[in-house]
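Chemist: My structure is below; once you've seen it, I'll send some questions.
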């Protein structure tokens, strides 16, 4: 059994290794020949016409209603994991505690639903 | 040694998956084709779009590959055959795969192209839909195992696999895993024929090869996660443990491919509506049922 520090260093080594492999692949590809510079070649795909640029900032995130509810649920999940690990040990009390918490959160979801938050705006 | 074995298993599974995928679509079994296709990308031009966000554009394919491998690094292939058996293993899978979103947003934003950017932002909507259906079923799995260690989770399924113990959680997790791997019918960010490839659209040459490899590895990682959390991991008769892990992982991955072949692409609005009005209530119900089962059945 490895220590925690060893495990994380192994994961870090894995990350560095993958990045290294990818970079050497890039190097290999570059060694096989340069990119030929030609007009129009670097224009992003846009159905045959030159795209209007910059395109950044033109997207309307129509799911923002969901996104707000998502924040609440995502926070709640942070509490769920430690709770799940000790659940069997604590038993019925744990079920009731989390049940009340989730019930309140679920009421929030139902309220949001009734107010039209669960709809693409 | 362990690292090498796990990486070979991971890449080997990705290769087999590519062969099977081509077999299902073309009807021809060509084992060398994926390797040749990968190699041929090396000889092609890898273009940089004009006025890109260079950092995002370059980071995205590497990041996707890194997080897919990191997710697999905490999943056991056999007893003792796991790169890092973290005490927070099940959570770590989540954390690593949360970066799939970051990678896709980067791939969408980076090239400064309209189709790519729409693909990237769409995936943010997709994450808001599927994310809860990944984490909530895993919570129920951890409740039964009393641990987030992936090896303990597999151990907890020795008598009865989680697919039988919590079938609802399995179905939700399987669908969410397909959405996370952006496979058809959830391939909203790439959406061939609609977004001209979406986040893939501006990648060419060796960068595209890395991106495609990352996608394949991601599918294998998610199939391995499904195996570990729901299909009893390495448990099985006769064959050695690692063989069972690989067989189950491949079976899950191929079933994901098959499901995608017979279903039309779902719309973003529909996906979000179904996930939030049906998926999340069912996921909470799953946690409640598992909680009762744990208390009632000793």
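Chemist: Every residue in the stretch B:21-60 that is touching a residue at least 24 places away in the same chain (Cβ under 8 Å), in contact with a helix residue (DSSP H, G or I) (Cβ under 6 Å, 6 or more places away or on another chain) and in a helix (DSSP H, G or I), please.
Modeler: Passing the criteria: B:21, B:38, B:41, B:42, B:56, B:59, B:60.
Chemist: Being in contact (Cβ under 8 Å) with a residue 60 or more places away in the chain, closer than 20 Å to residue B:149 by Cβ and touching a strand residue (DSSP E or B) at 6+ places or on another chain (Cβ under 9 Å) is the filter here, so list the residues in the stretch B:219-247 that pass it.
Modeler: Of everything in the stretch B:219-247, those that are in contact (Cβ under 8 Å) with a residue 60 or more places away in the chain, closer than 20 Å to residue B:149 by Cβ and touching a strand residue (DSSP E or B) at 6+ places or on another chain (Cβ under 9 Å) turn out to be B:233, B:234, B:241, B:242, B:245.
Chemist: Moving on to the next point. Considering each of B:101, B:75 in turn, give the residue that is under 15 Å from the mean Cα position of the chain (by Cα), under 22 Å from residue A:77 (Cα atoms), more than 8 Å from every other protein chain (Cβ to nearest Cβ) and outside any helix (DSSP H, G or I).
Modeler: That would be B:75, the only listed residue that is under 15 Å from the mean Cα position of the chain (by Cα), under 22 Å from residue A:77 (Cα atoms), more than 8 Å from every other protein chain (Cβ to nearest Cβ) and outside any helix (DSSP H, G or I).
Chemist: Return the residue satisfying two criteria in turn: it lies in the stretch B:154-187 and is more than 15 Å from the chain's Cα centre (by Cα) and in a loop (DSSP other than H, G, I, E, B), and of such residues it is surrounded by the fewest Cβ atoms within 10 Å (Cβ to Cβ).
Modeler: Among those residues, the one meeting the criterion is B:159.
Chemist: Restricting the search to the stretch A:1-20, which residues are more than 9 Å from every other protein chain (Cβ to nearest Cβ) and surrounded by 13 or more Cβ atoms within 10 Å (Cβ to Cβ)?
Modeler: Looking only at the stretch A:1-20, we keep the residues that are more than 9 Å from every other protein chain (Cβ to nearest Cβ), and these are A:3, A:5, A:9, A:12, A:16, A:20.
Within the stretch A:1-20, A:9 is the sole residue that qualifies.
Chemist: Inside the stretch B:125-153, can you point out the residues that are part of a loop (DSSP other than H, G, I, E, B) and surrounded by fewer than 22 Cβ atoms within 10 Å (Cβ to Cβ)?
Modeler: Once the filter is applied, which keeps residues that are part of a loop (DSSP other than H, G, I, E, B) and surrounded by fewer than 22 Cβ atoms within 10 Å (Cβ to Cβ), the stretch B:125-153 yields B:146, B:147.
Chemist: Among the residues of the stretch A:84-94, which ones are within 29 Å of the chain's Cα centre (by Cα) and at the interface with chain B (Cβ under 7 Å from one of its Cβ atoms)?
Modeler: Residues satisfying the conditions are A:84, A:85, A:87.
Chemist: Of the numbered conditions (1) over 16 Å from the mean Cα position of the chain (by Cα); (2) within 14 Å of chain A (Cβ to nearest Cβ); (3) at pLDDT 85 or above, residue B:1 fails exactly one; give the number of that condition.
Modeler: Unmet condition: (3).
Chemist: Can you confirm whether the stretch B:207-219 contains a residue that is within 13 Å of another protein chain (Cβ to nearest Cβ) and either under 30 Å from residue A:87 (Cβ atoms) or assigned to a loop (DSSP other than H, G, I, E, B) (or both)?
Modeler: No, that holds for no residue.
The values are calculated or read from the model by the stated rules, or taken from the named source; none is laboratory data. Because the structure is a prediction, the values reported are computed rather than measured. Quick reminder, even Gly has a Cβ in these numbers, built from the backbone with ideal geometry, and neighbours come from all protein chains shown.
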